[in-house]
Amino acid sequence: MKKYIVSIYDDSEYNAGPKAKKDVEDILVEDNFEKISLKFKLNNSLRSKILKIKYKYIDIPLSLSKIEKNSIVFLQYPAYSSFILKIIIKKLKEKSKKLFYIVHDVESLRLFRDKPEYHHEERSLLNMADGLIVHNQEMRKWLIKDGITVPMVDIKVFDYLNDKIDRQSTSFDKSICFAGNLSKSSFLEEVETKYELDLYGMYPAKEYKNGVKYKGAYPPSELGKQLTQNFGLIWDGDSVEECNGIYGEYIQYNNPHKFSLYLSLGIPVIIWEKAALAKFVKKNNVGITIANLKDLDRILDNITYEEYKEMKKNSEEIGNSVRQGKFTKTAVEEIIRKVDNLGDITK
């Protein structure tokens with residue numbers, strides 16, 4: 001039976017590319033999936049409205065015509081355009097024997113938490129799948145509570161493909177890195193630390209406090225070479241006392257991509273204790289959970305070199321799996337098997 005991985009991109013972002021989606025494509029192509037990448041260019045212009053008609057009646061049917069009937073299809077969900085997404089899901093339901101989603105974000109949990117009409121629309125789209133790969137147990141529990149009735153499995157950690165970087169042994173200086181969109185991480189302007197906290201990303205603030213240094217922005221292919229610090233920080237919002245705001249609350253349910261970046265490099269993490277991934281960090285001893293960034297220096301003061309070596313070893317072991325795409329491959333196998341078993345029971 002043929003297997004396909006379908007991804008939807010905004011044409012303007014495709015070359016720079018969302019790395020999480022591209023990594024999933026590359027991982028599943030290794031597992032004999034055929035890749036179908038759909039690129040669209042939409043905005044609010046009159047030309048865009050005309051393009052929508054072309055996409056609906058020409059481009060999408062043509063691109064999906066190569067999918068064999070009764071095949072297994074995985075769709076990377078969501079897409080930047082709900083118009084495009086609905087058309088593609090409808091076409092895929094007609095063509096496939098089983099349609100699964102790899103869920104990168106749940107927008108009714110992230111950007112539209114207070115909009116019941118959006119919840120209803122997204123709930124309908126998610127329930128059209130035969131099964132979902134979601135981030136973790138917390139996201140899965142929220143989706144069930146919100147009315148999702150299809151089978152789900154957790155990916156646990158998103159994979160992150162990069163070349164293994166052979167480093168000289170890193171000195172134990174308790175240094176920290178933070179990689180991401182700095183404009184939505186305003187808490188960084190409030191952090192003070194006696195240990196060095198190095199920032200990487202676009203849109204830095206004009207000024208940071210003691211210990212915090214801006215080190216520039218790098219493409220994903222180059223970023224890993226810059227991250228030689230002892231720990232990688234995962235935090236969001238505008239407060240050092242908790243992760244707050246839209247993205248800070250979302251961290252209680254999602255798997256931030258920077259978590260995968262750090263582990264792929266064998267870097268232990270520092271993460272908010274209420275984040276969904278905090279349980280994974282504790283269980284696998286790949287870093288530190290923390291309630292308040294004001295406690296950062298005190299907690300780092302008390303970490304011994306032997307404790308750090310153990311975290312580092314565990315991070316490198318899981319990092320090997322992350323670089324090889326093992327979490328994605330395992331979740332794909334698990335959701336297919338789960339849905340097949342359910343089908344056997346109901347025959």
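The values are calculated or read from the model by the stated rules, or taken from the named source; none is laboratory data. What you see is a predicted model, and the numbers here were worked out from it, not measured in a lab. Note: ideal-geometry Cβ built from the backbone for every residue, glycine included; neighbour counts use all protein chains shown. Just so you know, the surface numbers come from the protein's heavy atoms only, side chains and all, with ligands and any DNA or RNA stripped out. Shrake-Rupley method; radii C 1.70, N 1.55, O 1.52, S 1.80 Å.
Overview of results
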| read-out | value |
| --- | --- |
| Förster radius 56 Å - calculated FRET efficiency between Lys194 and Asp59, Cβ distance, rounded to 0.05 | 0.50 |
| Solvent-accessible area, 1.4 Å probe, carbon plus sulfur percent, for the range 279-347 | 49 percent |
| Reach of Lys174 by Cα under 20 Å, taken over lysines that are not fewer than 8 positions away in the same chain | Lys194, Lys209, Lys213, Lys215, Lys225, Lys258, Lys282, Lys294, Lys309, Lys312, Lys313 |
| Pairwise label distance in nanometres, Lys41 with Asp340, each label 7 Å out on the Cα-Cβ vector | 4.3 nm |
| Whole-Hz ³J(HN,Hα) from phi, Karplus 6.51 cos²θ - 1.76 cosθ + 1.60, for the range 180-193, glycine and proline x | x, 7, 6, 5, 9, 10, 5, 4, 4, 6, 9, 6, 10, 8 |
| Added length on full extension, which subtracts the Cα-Cα distance from 0.36 nm per residue, Lys141 to Lys66 | 23.4 nm |
| Selection of trypsin sites (Lys or Arg not before Pro), the range 1-68, meeting DSSP coil and at most 11 other Cβ within 10 Å | Lys66 |
| Shape category assigned to the range 234-347 from the gyration tensor of Cα positions, a/c cut at 1.5 | oblate |
| For the range 1-137: rounded, prolate or oblate by the Cα gyration tensor [a/c cutoff 1.5] | rounded |
| Å² per residue, accessible surface of the chain at 1.4 Å | 48 Å² |
| Within the accessible area of the range 1-130 (1.4 Å probe), percent carbon and sulfur | 50 percent |
| Area accessible to solvent at Tyr203, 1.4 Å probe radius, in Å² | 140 Å² |
| Shape of the range 51-128, Cα gyration tensor, a/c cut at 1.5 | oblate |
| Whole-Hz couplings from phi, Karplus 6.51/-1.76/1.60, listed for the range 265-279; x for Gly and Pro | 9, x, 9, x, 10, 10, 9, 4, 5, 9, 5, 4, 7, 4, 5 |
| Relative contact order (percent, whole number), the chain, Cα cutoff 8 Å, 6+ residue spacing | 15 percent |
| Residue (of Phe74, Val150, Leu64) at the positive-pole extreme of the range 23-176, dipole from beta-carbon charges | Leu64 |
| Projected area, mean over directions - the range 230-301, Cα convex hull, nm² | 4.4 nm² |
